[in-house]
1. Could you work out how much longer the chain between ASP324 and TYR205 gets when fully extended? Use 0.36 nm per residue separation minus the Cα distance between them, nm to one decimal.
2. Taking a threshold of 27 Å on the Cα-Cα distance, which of the pairs LYS230/LYS390; LYS244/LYS287; LYS171/LYS375; LYS265/LYS390; LYS171/LYS260 fall above it?
3. Pull out the extension gain between VAL313 and LYS390, defined as 0.36 nm times the separation in residues minus the alpha carbon to alpha carbon distance; nm, one decimal.
4. State, to one decimal in nm, how far the label point of ALA258 lies from the label point of ARG158, with both points 7 Å from Cα in the Cβ direction.
5. In the range 231-338, if every C-alpha pair distance is counted and binned at 5 Å from zero, what percent goes to each bin?
6. How large is the charge dipole for the range 144-427, taken about the Cα centre, if only the Cβ atoms of Lys, Arg (+1) and Asp, Glu (-1) carry charge, to the nearest 20 debye?
7. What list of ³J(HN,Hα) couplings, whole Hz, do you get for the range 233-244 from phi and the Karplus terms 6.51, -1.76, 1.60, once you set θ to phi - 60° and write x for glycine and proline?
8. For GLN170 and LYS151, compute 0.36 nm times the residue count separating them, minus their Cα-Cα distance, and round to one decimal in nm.
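Just so you know, all these numbers are worked out from the coordinates, no wet-lab data involved. Owing to the predicted nature of the structure, the values given are computational and were not obtained by experimental measurement. Heads up, the Cβs are rebuilt from the backbone with ideal geometry, glycines too, and the neighbour counts pull from every protein chain shown.
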Amino acid sequence: MRVFPIYAQAPGLLQKKGRGGVIVLDKCNNKLHSLNSTGAAVFLLCDGRRTCRDIALLLQEEFGMAEPPYADVLACLDTLQTLELIQPLEAEGERTIVNRFAEKQKSRYAQDSVDFLSPEKPEKTLRFIDDITARLRFSCATLLTSHSQTKYLPQAFRYPLFNPSVIAWQKGLLFVSRCTNEIMLGTGMQFAINQIRETQNVLCYYDNELSLTKIEVIDDSLLQHELSEKGYQGFEDARVFEWKGGIWLLAAARFPNAYKQVLLKLEGKNVVNYIVINSPRGVEMEKNWIPLVKGLQLFFIYKVAPTIVFELVNERSLELVKGDPTNADEGQLELRGGTQFIPWSGGYLGVAHDTPFQMDGMLYYTHRFIVIDDKFRVREVSNSFFIQHKGVEFATGMAILGGKVLISYGLQDRAAAFVSLPDETLSEWIATGREGVHPLVGPTPCGE
């Protein structure tokens, strides 16, 4: 049997890198399986009789590509066929893997290629494998909105609105979006216009016909006054949710050289109460926690996979209810913050993003639907997708309006958009909630 490594590195290094491919071909039933993993040594297995086009067709079937970009897929697979690593890689060290990797190249490529893949230059070899992985991820992820209609929040300010969060509120929708003079390029590089960072947060109200009714800028003068000595510089990427009959935000408050999570209570456009939450890991950068409300209880999903969950106790302190925050950088899935989780088929539904990847100097984000049960166990993970645009996207909100799931997201830090998903579109991605399917699909990909 040939083993084509999509990501061939020692496990210890994988945990640090946090990237990897996620495709396995089952030679028994000739079907590709997505393992929903971006942080483990994964292989594309083939019985040696299949051509690149056969595998590309299987990729098309498994990942639902209407018009698969064969050129990229075939080029990657042609390259991968040169890597014939038979024995398990988990027991080998990084240098041994690189040695064997280079040896396989010597019989097929000129000396310059061998030099490029030399065991004396392992960092180049690993970058080469990363590039193959990125091209496969790019080729296999389809667009979520290809069957749906996208709407945009109005750009009524000097700087763009983006990363909108949303809830169903008073028979309509309430969006909270970030507005800043910081511009992001396709490479992921950011810079501030006028060199001085300016950040506002904007409320947009829509009725149940999805017509805009009101726009307001959030007044955070309470924080500016009481946290000025600590260098408070505004908050960003808020998730909006309803709790105890009111509107709350969970956001990242910016301080000099640090981000802290802050819980904000709104009355109209005004912040009337707040709680600054210290990092449970003692780190300086805490962003993109996900709120989950169960009755009067408020939970924070620190990381989707491996799953780490805290509960807010007495509106002041955090209590760990699941996972180990000391292992937050390890695990198979490497799924990070995204939308809020909403009640769904006896559990909760949300969207999280994979670890971003780069290809040809450009930055890309893919997302997945996640279903968890009431004990915060991951029960279903969809295949990866781009929402609308193959580039920088960030899903930040989810709601149900008129029986349809609505996802809100930012595009390239320059636009705030949302899309309403028909049931048939959602059922293409997840089984939970589909007619005839038990609400607890499992076992969990995390092995819990």
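1. Roughly 39.0 nm would be gained on extension.
2. Values: LYS230/LYS390 39 Å; LYS244/LYS287 24 Å; LYS171/LYS375 30 Å; LYS265/LYS390 35 Å; LYS171/LYS260 33 Å.
Over 27 Å apart, Cα to Cα: LYS230/LYS390; LYS171/LYS375; LYS265/LYS390; LYS171/LYS260.
3. Result: 23.7 nm gained on full extension.
4. Label at ALA258, label at ARG158, 3.0 nm between them.
5. So the P(r) values, bin by bin, are 2, 12, 22, 25, 21, 11, 5, 1, 0.
6. About 200 debye.
7. For the range 233-244, the Karplus-derived couplings read 10, x, 10, 8, 6, 6, 9, 9, 7, 9, 8, 6 Hz, x marking Gly and Pro.
8. 4.8 nm
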